[in-house]
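Report on one structure; see the data block that follows.
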Amino acid sequence: MANSKSSQSPLTAAVLRKTEWTITKPARVGVILGILGLLMRYSWINTLPLVSGDQGWPTVSRLKTYFPWPRIWDATDGLGGINATFNSFRYPIYAIEGWMAHFGAHWWLIERVVQYLPDAVVVPIAGWYLAREIVGESRWSLLGAVLFASSTYLLIESNSEVPLALGAAIGCFALVSFVRSLKHLSIKWAVVTALWMALASAVDIRPAFITALMMGLYFVVSSITEPTPRLIAKRLGISTLAGALYLTTQLFWLLPLLAYGTNSQLPIAKQPDFN
């Protein structure tokens, strides 16, 4: 039998060589994708205020009240009103906005630095990064950036409620870290997972919740495909560690929530609105 390589036509061999091309410099690819993301959102690069959907335009004086940290019992924001958990998970982001306002930044700059430009840069990188974890260093992982950044959901949310799109993108990084933590039984990746989840939650708790569900699904599937009791126990321990560390980062609003309604002297509604 003739050697299979020698029987290939020059055209077939060239195609195979191209399809086998891998990404050997991921950092450079990430930078390029980030720049392309900014070019896609070139209309955001100006000094005009960006307001869409329920994204409002707070005054600088209001933002300064978030410095150095938002007040947890503010009746208009957080645990002080009928929407008891409405914005409390966003306090780290509010604090950043408050610090910027305190040192003289205007809202048009703050919203771009904190939300819009990170969304433009991170979305294509996140799609590629997640695909790269699945297909390896193949150039086909770049298709993940295209599919993710051009998805109807991400396009709509980036034009209406940016935190949802940005939170979903950050969730991709958290998901990759979680997968690696279970594959390698790595405490380091469990810690990284918790930090990514904390960042996603500070942007918006809803995509972080969906990301957590995806992590749970991955744990179940990995346990079914590799039903070794010892391995499952180790992975459960790693998952528990990541979850405990993540919950620890959320204590700044979880603890006040647990105390909500227990003090009858507080001027707040008896039941929070969880819709």
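The values are calculated or read from the model by the stated rules, or taken from the named source; none is laboratory data. Note that the structure is a prediction, hence the values are computed from the model and not measured. Note that we place each Cβ from the backbone using ideal geometry, even for glycine, and neighbour counts take in every protein chain shown. The protein model used for the area step is the full one, side chains on, heavy atoms only, and it has no ligands, DNA or RNA in it. Shrake-Rupley method; radii C 1.70, N 1.55, O 1.52, S 1.80 Å.
Summary of values
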{"read-out": "Within the range 118-142: backbone nitrogen closer than 16 Å to the M40 label point (7 Å, Cα to C-beta)", "value": "118-132, 141-142"}
{"read-out": "Two-site FRET efficiency, S151 against R230, from Cβ-Cβ distance with R₀ of 30 Å, rounded to 0.05", "value": "0.15"}
{"read-out": "Net charge contributed by nearby residues that have their C-beta within less than 14 Å of R112 (K/R +1, D/E -1)", "value": "-2"}
{"read-out": "Stokes-Einstein diffusion coefficient of the range 108-147, Kirkwood radius over Cα pairs, 4 °C, 1.567 mPa s, in µm²/s", "value": "120 µm²/s"}
{"read-out": "Alpha carbon Rg of the range 104-193, scaled by the compact-globule rule 2.2 N^0.38 Å", "value": "1.22"}
{"read-out": "Karplus (6.51, -1.76, 1.60) ³J(HN,Hα), θ = phi - 60°, over the range 242-248, in Hz, Gly and Pro reported as x", "value": "4, x, 5, 5, 5, 4, 4"}
{"read-out": "Packing rank of 107-115, 152-160, where each peptide gets the mean count of other beta carbons within 10 Å, highest leading", "value": "107-115, 152-160"}
{"read-out": "The range 122-266, accessible area per residue, ligands and nucleic acids excluded (1.4 Å, Å²)", "value": "49 Å²"}
{"read-out": "Potential lengthening between L213 and K64 on full extension [0.36 nm per residue; Cα-Cα distance subtracted]", "value": "50.1 nm"}
{"read-out": "Packing rank of 29-39, 192-202, 139-149, where each peptide gets the mean count of other beta carbons within 10 Å, highest leading", "value": "192-202, 139-149, 29-39"}
{"read-out": "Cα radius of gyration and Dmax for the range 141-185 (Å)", "value": "12.7, 39"}
{"read-out": "Residue-wise HN-Hα coupling along the range 61-72, computed from phi with Karplus coefficients 6.51, -1.76, 1.60 (Hz; x: Gly, Pro)", "value": "4, 5, 4, 5, 6, 7, 8, x, 7, x, 7, 5"}
{"read-out": "Placed amide H near S138: partners under 5 Å, 5+ positions off or other chain", "value": "I23"}
{"read-out": "Residue-by-residue Karplus 3J(HN,Hα) for the range 207-224, coefficients 6.51, -1.76, 1.60, Hz, glycine and proline x", "value": "x, 5, 5, 5, 4, 4, 5, 5, 5, x, 5, 5, 4, 5, 5, 5, 6, 6"}
{"read-out": "Highest average packing first - 119-126, 43-50, Cβ atoms within 10 Å", "value": "119-126, 43-50"}
